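Student: The structure is given below, and queries will be raised subsequently.
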Amino acid sequence: MSNNNRWNWEVSGFEPRKSPAEQPSSAPAPLVRRYSISTPSIVPHSEAVYKQNIANKLHNLKDKVKNVREDYAELRQEAVDLQEYSNAKLDRVTRYLGVLADKTRKLDQAALEAEAKVAPLIEEKKRLYNELLTTKGNIKVFCRTRPLFEDEGSSVVEFPDDFTIRVNTGDDTVSNPKKDYEFDRVYGPHIGQAEVFTDVQPFVQSALDGHNVSIFAYGQTCSGKTHTMEGSSHDRGLYVRCFEELFDVSNSDTTSTSRFNFFVTVVELHNEQTHDLLSESESGLSKVRMGSLDSFVDLVQEKVDNPLDFSKLIKKALLSRHGDNTKINSSHLIITIHIYYDNLITGENIYSKLSLVDLAGSESLGLEDDNGEQTTDMLHVMKSLSALGDVLASLTSNKEDVPYENSMLTKLLADSLGGSSKTLLIVNICPNASNLSETLSSLNFSARARNTVLSLGNRDTIKKWKDIANDARKEFYEKEKENHDLKQEVAGLKQALKVANDQCVLLFNEVQKAWKVSFTLQSDLKAENIMLAEKHKIEKDQNNDLRNQVAPLLQQVQDQKLQIQQHDSTIETLQVKLKAMEAQLKEASENKSKNSLDSTEGIESAAVTKKLEEELLKRDALIERLHEENEKLFERLTEKASSIGSQQALGAPPKNLNQSPDPGSNNKEGAMDVVPFSAEKKADGTLALVKQGQDKIKSTPAGEYLTSALNDFDLEHYDGLAAISDGANKLLMLVLAAVIKAGASREHEILAEIRDAVFSFIRKMEPHRVMDTMLVSRVRILYIRSLLARSPELQSIKVPAVERFLEKPMIGHSRSSSRGSSPGRSPGRYDPTVRNALILDGQMQGFRVNIKPEKKSKLSSVVLKIRGIDQESWRQHVTGAKLREITDDAKAFATGNKALAALFVHTPAGELQRQIRSWLAMNFDFLSVSGVDAVGGATGQLELLSTAIMDGWMAGLGAAMPPVTDALGQLLVEYAKRVYNSQLQHLKDIAGTLATEAAEDSAQVAKLRSALESILQQMKGDNALLTLEDGGSPIRNPSSAAEDARLASLIALDNILKQIKEIKRQSSVNIMSRSKKKALITSLDDLSAQLSSLLEIDHPCAQRHIADARRFVESVVEEDDKFQGTSKAASDDLSAETDVSQWNVLQFNTGSTNPFIIKCGANSHSELVIKADDRVQEPKGGEIVRVVPRPTVLENMSLEEIKEVFSKLPEALSLLALARTADGTRARYSRLYRTLAMKVPALRDLVGELEKGGGLKDVKS
């Protein structure tokens, strides 16, 4: 692969920063070893340049102050002009509002007059309709025949037309055994419930117009009476159909000034005794009196608001009927619908009722075949039916005396029989021959009631009445048309009123917006003045600080110059001495060639020492140059990343900063690579576990650059191990430079951001053995010390002193033997079990420093004397080969030694080197302490030896020991496990404390629940924060069963307290109806029953709040229920707003586990309606339906006002739309509204209109 694909350290477009530190120096730097890359030395500017910079800053600041003052004057003048404009516009708006108010009063008056005109027309309509029904007869009789069953044989009934039924009597004694009966309507077996109700509907309309109506189902058992009244699930009977008709017609006739209310009573009549089937319902319901003044019964009446409630009430009442089928067949069921009508304009109050009666079976069984109880039941049935027939016969014959008192049935229905009341008798018969006698009996009974219903005379009289009915119908249609025109006129007036109100709102919003702009300008001016004053103060303080900093820097420069001069003079002196020594050495070699071997050895030793010093100087210079290059590259990277973004600078998108490590790696370093938490120290010394998810690690341009560089490092792009090693080491150097550049305050953030990439890079490069292990050690130490800084537990770990890691050489060994037995030659001499121990107890095998004074021959002594070198100083000299040997032995000793790693981590580098130097001086008294007395130059032998040992240990600690990682990496894993275990137990203790804390009020319950929920989620959310080699968790998570139970109890308690709060809110009135008060007390009883789901520790809180709420509810004054329809009208309006025919489902994936599910649709007003969970998190609270406001509604709202609007909508909508600013929220809400509305086909045209009109101006096409 070409060189162009290699990693390029010189990024194009970045110009290196020139600094005085880069200027070449005339004298070499002091020979001092470095153990960490430090920041470049601060080289101050000259005093003249500094003063010039200060003067320029002051001049620029004065210009800025002048410009700001001019801007302030302009803004103030604009504010004054805007104030005057706002006042003038406010006056105009006030005048216009007065005109609109007059128009509104006139429109209201016109609406009232129109309502007054409509009311007489409606009354006239009711009168004409009643006259039409009266003309046809107040008592009507229908006949209905049920179908034949399979085993009943042939039918004896025929149907010549819709008004006649023919029965084959089977009497052979007469010439024509067939007998005809005429009725107002005859239904054959094929006629369904819907067609029967078509003829019953006029009676329902009459009941709604204010007349009492009674409908009877008469016939023998199994003739179809109950089916006609009750029906089935797929074919409803008259009960439900009649109420549905009442409900629908009342909704169409209800206006803003009139309303209908419906109440239902259900009573069973058995053996002349009444049984109220609703008496077992909730206490506190109102009662109604039925019957005459002399004989009446008080029955419980229950209000129903819709057909569904009516059906439920009927089912409940039917289930309350007692006795077996025989008793049920011998009892009458009376269901009465009480109708109340109120008109606020006319003050009219009308009461009427519709009675639906399912009579007992009319069969006359043989009395001798029944027992005594059945005989009594049958006698009472026959008596009541006979009394009903007498009453109907008396009414049809226009008799003055009507025998209502002969039966309890006629007493209860006295006000629904006779007078202006309407009565319908539906006779049900069986078509089979076996029931012929009962069929004839039923037909004769009904014929008795019908014969005198219409005493209209002959056909001419009937035609005359039909003409009168047609005229009345024509007049009725004309009145209906006039009523319709008036309603249209009222609708037009209401529309005009609505337009006027909208104009008022627009003008008011405009005025409010002008006031807001004026106030904002004034606030901005004040803030600008305050900011300028603070900025001026800061500049002044900075100038003072700069003056204080310049003085010591100037003194430091002078001291450095003096040191440089001293070093120059020392170098010149050493060069003169070196030339003299070379001349003397040359002369000695000519005179004594036979002893050249010893002389050469001495010369070689001096040359090696000098070469070693030169190599150290070159190495320091190289490290300094690399550090400066990394600084330049880092600064250029930061500049370019801030201008064009880090992704464009790199030429490729950065990798995920929190990517998981390679799952295939099987070493202990991988355990640390996946530790997603850090321990933070609190003020009280305790620790808190902070999860490190993606939301915890901040992304920086430098971090993104380093992460991308480490992840994209490819070995195939480099030719040879040398190039790979150079690239890898440069990357590690850049990591260290970035951490130093970040400073102590941000060191932890940059380390956490690049952690995964760094450890993955080290793990990837370890098998190739191309990295500088000293650099690896420095990186490891940075991460371990970052962990130590946040963990008092780790800081308290005691490590052995450095003396326990060092040993003197064995006495009696020669130099060659010491070399042969050195740790570098025989690394197996160090016990691996000792290396792996973190805290060592007892005896420990240390590193043996194999050095001793050199012994020279007589010839060497002569040569040294000729060269002017003191023999004692020569004995103190340590050769370069010996230093390299000691470094190699130290590296072998440190490889895999966790105890030594702990020493390096817990001891600062300078302090550790000082301790090694002290130990060497104490145990090797022949070494030189002063660098001036040494032959090597400026560096003393103790400094060289301690440096060699430190370098070897540092290199060994960073060397991997396959199949595991380096010693510092193992130590990092062990420390991380300790912190994790400690924090997990700490969380368990906190959760246990919270679980035993009793709650007093709702605020404390919510606080306890939130805290316990957060801690348990933190404990259970990451079950494997650390992954070991076997893939298991380091410890088992402690059991949290008790805490889970307490959390469930707190959730239940929170729900109970919320319901109690709602009950108190509903009870915050002066007067309450008896039914509502009873319902609230029942709700409190239900909440008391829910205490079993709570733990005993939460019982006192719940019981106390329930008792307080009960006392609060019971203290409210109660009154009798009033028939008001306000709530019903409101519910009708709400149902109209949220009436959606079809829902469309959308799913929003937000990155969380559960996506947001929102259903959207359109109502009859072409408004966007959504259905979603009330809350996103558990408990969700069930689905709610809300009308979504258009984006134009939020146009002039502040962020707090927008949040108030969103609080009434499902939580998912606010989470998707809310931003940090009001403008951002409006833009996001516009896009969300368009997405939801485009999903609904009926609203796509509306979206187009909003986009054209600017209502969705923030939505990009």
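The values are calculated or read from the model by the stated rules, or taken from the named source; none is laboratory data. In this text, all values refer to a predicted model and were calculated from it rather than measured experimentally. Heads up, the Cβs are rebuilt from the backbone with ideal geometry, glycines too, and the neighbour counts pull from every protein chain shown. All accessible areas refer to the heavy atoms of the entire protein, side chains included, with ligands and DNA or RNA removed. Shrake-Rupley method; radii C 1.70, N 1.55, O 1.52, S 1.80 Å.
Student: With every protein chain left in place, what is the accessible area of His211 in Å² (1.4 Å probe, nearest 10)?
Tutor: 40 Å²
Student: May I pose another question? Once the other residues with Cβ under 13 Å from the Cβ of Ala194 are scored (Lys, Arg +1; Asp, Glu -1), what is the net sum?
Tutor: Details: positive: Arg236, Arg241; negative: Glu195, Asp199, Asp235, Glu244, Glu245.
Net charge in that neighbourhood comes out at -3.
Student: Within 10 Å of each candidate Cβ there may be at most 14 other Cβ atoms; applying that plus a DSSP loop requirement, which GluC sites (Glu not before Pro) in segment 1166-1261 survive? If you can, show how the numbers build up before the last one.
Tutor: Details: sites: Glu1167, Glu1183, Glu1195, Glu1200, Glu1201, Glu1204, Glu1211, Glu1249, Glu1251; in loops: Glu1167, Glu1195.
Passing sites in segment 1166-1261 are Glu1195.
Student: List the residues, sorted by chain then number, that are 5 or more residues from Leu1256 or on another chain and whose placed amide H is less than 5 Å from its amide H.
Tutor: When sequence neighbours closer than 5 places are left aside, the close amide H contacts are Glu1251.
Student: Ignoring ligands and nucleic acids, what accessible area does Tyr50 show with a 1.4 Å probe (Å², nearest 10)?
Tutor: 40 Å²
Student: What is the distance, in nm, between label points placed 7 Å from the Cα along the Cα-to-Cβ direction at Asn306 and at Ala1006?
Tutor: Computed distance between label sites Asn306 and Ala1006 equals 3.1 nm.
Student: From the phi of every residue in segment 63-69, what ³J(HN,Hα) in whole Hz does the Karplus formula 6.51 cos²θ - 1.76 cosθ + 1.60 yield, where θ is phi - 60° and glycine or proline is x?
Tutor: Once rounded to whole Hz, the list reads 4, 5, 4, 5, 5, 5, 5.
Student: How large is ³J(HN,Hα), in whole Hz, for each residue of segment 1210-1221 in order, when computed from phi with the Karplus curve 6.51 cos²θ - 1.76 cosθ + 1.60 and θ = phi - 60°, using x for Gly and Pro?
Tutor: Values, residue by residue: x, 5, 4, 5, 5, 5, 7, 9, 5, 10, 6, 10 Hz.
Student: Considering only protein heavy atoms, with the full assembly of protein chains and a 1.4 angstrom probe, order Cys504, Cys222, Cys242 by accessible area, largest first. Could you put the intermediate results ahead of the total?
Tutor: Working: Cys504 30, Cys222 95, Cys242 0 Å².
Output order, biggest surface exposure first: Cys222, Cys504, Cys242.
Student: What is the dipole size for segment 165-276, taken about its Cα centre, with +1 at each Lys and Arg Cβ and -1 at each Asp and Glu Cβ, in debye to the nearest 20? Don't skip to the answer; put the middle values down first.
Tutor: Numbers: 8 positive and 17 negative charges, 28 e Å.
Around 140 debye, computed over segment 165-276.
Student: Excluding Ala111 itself, what net charge comes from residues whose Cβ is under 14 Å from its Cβ, given Lys and Arg +1 and Asp and Glu -1? Walk me through the intermediate numbers first.
Tutor: Numbers: positive: Lys103, Arg105, Lys106, Lys117, Lys487, Lys494, Lys498; negative: Asp108, Glu113, Glu115, Glu489.
That sum, taken over residues with Cβ under 14 Å, equals +3.
Student: Skipping prolines and chain starts, which residues have an amide H placed within reach, meaning under 5 Å, of the one on Ser1073, given they are 5 or more residues away or on another chain?
Tutor: When sequence neighbours closer than 5 places are left aside, the close amide H contacts are Glu1119.
Student: Something else about it: I want the local charge near Leu90. Using Cβ-Cβ distances under 14 Å, sum +1 for each Lys or Arg and -1 for each Asp or Glu among the other residues.
Tutor: Values: positive: Lys89, Arg92, Arg95, Lys513, Lys516; negative: Glu84, Asp91, Glu510.
Residues close to Leu90 contribute a combined charge of +2.
Student: Quick one: putting +1 on the C-beta of Lys and Arg, -1 on the C-beta of Asp and Glu, what dipole do you get for segment 284-417 around its Cα centre, in Debye to the nearest 20?
Tutor: Numbers: 12 positive and 20 negative charges, 109 e Å.
That gives a dipole near 520 debye.
Student: Convert each backbone phi in segment 1191-1202 into a coupling constant with the Karplus relation 6.51 cos²θ - 1.76 cosθ + 1.60 (shift: θ = phi - 60°), then list the ³J(HN,Hα) values in order as whole Hz, x for Gly and Pro.
Tutor: Using θ = phi - 60°, the values come out as x, 5, 5, 8, 4, 10, 8, 7, 5, 5, 5, 5 Hz.
Student: What are the residues whose amide H is under 5 Å from the amide H of Val799, where those residues sit 5 or more places off or on another chain and H is modelled from the backbone?
Tutor: Result for Val799 returns nothing.
Student: Give me the accessible area of Met1019, 1.4 Å probe, in Å² rounded to the nearest 10.
Tutor: Accessible area, nearest 10 Å²: 10 Å².
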